[in-house]
Amino acid sequence: SAVISQKPSRDICQRGTSLTIQCQVDSQVTMMFWYRQQPGQSLTLIATANQGSEATYESGFVIDKFPISRPNLTFSTLTVSNMSPEDSSIYLCSVSNGGYNEQFFGPGTRLTVL
Amino acid sequence: KQEVTQIPAALSVPEGENLVLNCSFTDSAIYNLQWFRQDPGKGLTSLLLIQSSQREQTSGRLNASLDKSSGRSTLYIAASQPGDSATYLCAVKGSNDYKLSFGAGTTVTVRA
């Protein structure tokens, strides 16, 4: 299984600012995903991070709000832009080798927006 | 759109009792199903992966069954321990895309 790290593990931010979350994997993976888990809720897929091209966003999520980069097969970033208290959530990076294989999750980034 | 339901939402049992967690999904065209464990404020730990062609998977005290035609999976945890206290999430991957659809989870408390 892949070992996934995320930075920061948690942060408290002011409304209107932006935060970039990093995801690092210890081996090359084909698929990387970003999820959001709002308080008391289950996970919602934000986007699939594609290496060398624009991310594929799910309905309700847009690039201007959640820009994503994936410069190589082991690293991705998610930026939460122009934050509001509604963005307070746990953001999780997930990876798999091959779209239909087992998926693994990082430890998450707990974001609180004041 | 795939809908995943987990029942019960919460469960409290005394130590040593067996746990039965249920998951149902509306679209039987799945590629695989994963069970995850999540501790409060933490990420997800993959427990078991069942491919659509399989009926069950076992790992230690954990056993998961899959009935694709009826859209159901059950996670059994034998001889529960306080360390099993966590939220258990069921997720299915569709056969037409790479996306995992999650249930809302079952929060388990094992009392010592």
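The values are calculated or read from the model by the stated rules, or taken from the named source; none is laboratory data. Just so it is clear, the structure is predicted and the values come from calculations on it, not from any experiment. Cβ placement follows ideal geometry from the backbone for every residue including glycine, while neighbour counts extend to all protein chains displayed. Each accessible area value is taken on the protein alone, full model and side chains, heavy atoms only, with ligands, DNA and RNA left out. Shrake-Rupley method; radii C 1.70, N 1.55, O 1.52, S 1.80 Å.
Could you pull out every one of the lysines with an alpha carbon less than 16 Å from that of B:LYS68, ignoring same-chain neighbours closer than 8 positions?
In chain and number order, the partners are B:LYS93.
At 1.4 Å probe size, with every protein chain present, just tell me what the per residue accessible area of region B:6-112 comes to in Å².
45 Å²
I'd like the carbon and sulfur percentage of the solvent accessible area for the protein assembly as shown, probe radius 1.4 Å, heavy atoms only, ligands and nucleic acids excluded.
47 percent
For region B:58-73 and region A:37-114, what is the separation of their C-alpha centers, rounded to whole Å?
Taking the Cα centre of each part, region B:58-73 and region A:37-114 sit 29 Å apart.
Could you check the simple spin-label distance between B:ASN96 and A:GLN38, using points 7 Å along Cα→Cβ, in nm with one decimal?
Simple spin-label model gives 2.6 nm for this pair.
Mind giving me the FRET efficiency for B:THR26 and B:ALA79? R0 is 35 Å, r the Cβ-Cβ distance, nearest 0.05 is fine.
0.60
Which one, B:ALA86, A:GLN14, A:PHE33, projects farthest toward the positive side of the charge dipole computed for the protein assembly as shown from Cβ point charges (K/R +1, D/E -1)?
The residue sitting most towards the positive pole is A:GLN14.
Averaged over all directions, how much area does the convex hull of the C-alpha atoms of the protein assembly as shown cover when projected, in nm²?
So the mean shadow area of the Cα hull is 12.1 nm².
I'd like the trypsin sites (Lys or Arg not before Pro) in region B:55-89 restricted to DSSP loop residues with at most 13 other Cβ atoms within 10 Å, sorted by number.
Counting only loop positions with at most 13 other Cβ atoms within 10 Å, the trypsin sites (Lys or Arg not before Pro) in region B:55-89 are B:ARG55.
Near the amide H of B:LYS99, under 5 Å away, which other amide H atoms are found, from residues 5 or more places off or on another chain, if H is placed in the peptide plane?
The list, which skips near neighbours in sequence, is B:GLY94.
May I ask you to find the residues of region B:95-109 that are shielded by at least 30 Å² of accessible area once the whole protein assembly is considered instead of their isolated chain (probe 1.4 Å)?
With the partner chains in place, region B:95-109 has these residues losing at least 30 Å²: B:TYR98, B:LYS99, B:LEU100, B:PHE102.
Order these peptides, B:85-95, A:19-29, by their mean beta-carbon neighbour count within 10 angstrom, highest first.
Descending mean neighbour count gives B:85-95, A:19-29.
What is the extension gain from A:SER27 to A:SER81, computed as 0.36 nm multiplied by their sequence separation minus the C-alpha to C-alpha distance, in nm to one decimal?
Extra length from A:SER27 to A:SER81 when fully extended: 16.6 nm.
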